[in-house]
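This report refers to the structure that appears directly beneath it.
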Amino acid sequence: MTEMCEDHKLEEIEVGQKRKFSVKITESLVNKFAKISGDYNPLHVDEQYAKSTKFGKRVCHGMLLGSFFSKMVGMHLPGKNALYFSQTLNFKLPCFINDEVTVEGEVFEKSLASRMLTIKTTIYNQEGKCLVDGIAKVMVR
């Protein structure tokens, strides 16, 4: 592993604090996710089938995108001290192979009493269009 895990203490984290990172959605990534998840729906893995749909090409698994929120919470905000409690997901638009997505987290509530953060989570494509958004509840240990 080459990426460093951030180590934010609850007292250091501010409402409005943001983190973001980008990921290129490759054919290999989609195929690996299909293998890990067991989701071989032809919309995701069969180019010929996907061409016959309204999308005209393979669509990235929505849960592959959602899994990037785990990286946001576990590696960046808050990072090392995170304990994920919940995550909502609203799938807005499809993501396709070769899209470059930006994953963003923004703290919008913080409770010292419960040690809980509420983080707005969003994924945008290279055109700035929102693909997925939701709310993460994360305890800072």
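FYI, it's all coordinate maths here, none of it is from the lab. It should be emphasised that the depicted structure is a prediction, and the values quoted were computed from it without experimental measurement. Using ideal geometry, Cβ is built from the backbone for each residue, glycine included, and neighbour counts are taken over all protein chains shown.
Numbers at a glance
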quantity: Residues of region 103-140 with amide N under 16 Å of a point placed 7 Å along Cα→Cβ from Glu14; calculated: 106-110
quantity: Debye, to nearest 20: dipole size of the chain, +1 on Lys, Arg Cβ, -1 on Asp, Glu Cβ; calculated: 220 debye
quantity: Mean-position separation - Cα centroids, region 42-79 and region 82-141, in angstrom; calculated: 15 Å
quantity: The chain, relative contact order in percent, only Cα pairs under 8 angstrom and at least six apart counted; calculated: 30 percent
quantity: The chain, Cα convex hull volume normalised per residue, Å³; calculated: 108 Å³
quantity: Fewest-first ranking of Leu112, Leu10, using other Cβ atoms within 10 Å as the exposure measure; calculated: Leu112, Leu10
quantity: Helix 62-71 vs. the chain, principal-axis angle (Cα, 0 to 90°, nearest 10); calculated: 30 degrees
quantity: Förster radius 25 Å - calculated FRET efficiency between Met63 and Cys130, Cβ distance, rounded to 0.05; calculated: 0.90
quantity: Spacing of the two label points (7 Å from each Cα toward its C-beta) at Phe85 and Met4, in nm; calculated: 3.0 nm
quantity: Sequence-distant lysines (8 or more away, or on other chains) whose Cα lies within less than 16 Å of Lys110; calculated: Lys9, Lys18, Lys120, Lys137
quantity: In degrees, nearest ten, helix 27-37 long axis to first principal axis of the chain (Cα); calculated: 70 degrees
quantity: Cβ-based net charge around Met116, under 9 Å, with every Lys or Arg adding one and every Asp or Glu removing one; calculated: +2
quantity: Dipole magnitude (debye, nearest 20) for region 66-141, charges at Cβ of Lys, Arg, Asp, Glu; calculated: 440 debye
quantity: Burial ordering of Cys95, Cys5, fewest other beta-carbon atoms within 10 Å first; calculated: Cys5, Cys95
quantity: Gaussian network model of the chain, springs between alpha carbon atoms under 10 Å - residue of Pro94, Pro42, Pro78 with greatest fluctuation; calculated: Pro42
quantity: Helix-only [θ]222 nm of the chain, DSSP H runs n ≥ 4, -39500 (n - 2.57) each, per residue, nearest 500; calculated: -5500 deg cm²/dmol
quantity: Relative contact order of region 18-76, defined on C-alpha pairs under 8 angstrom at six or more residues apart (%); calculated: 29 percent
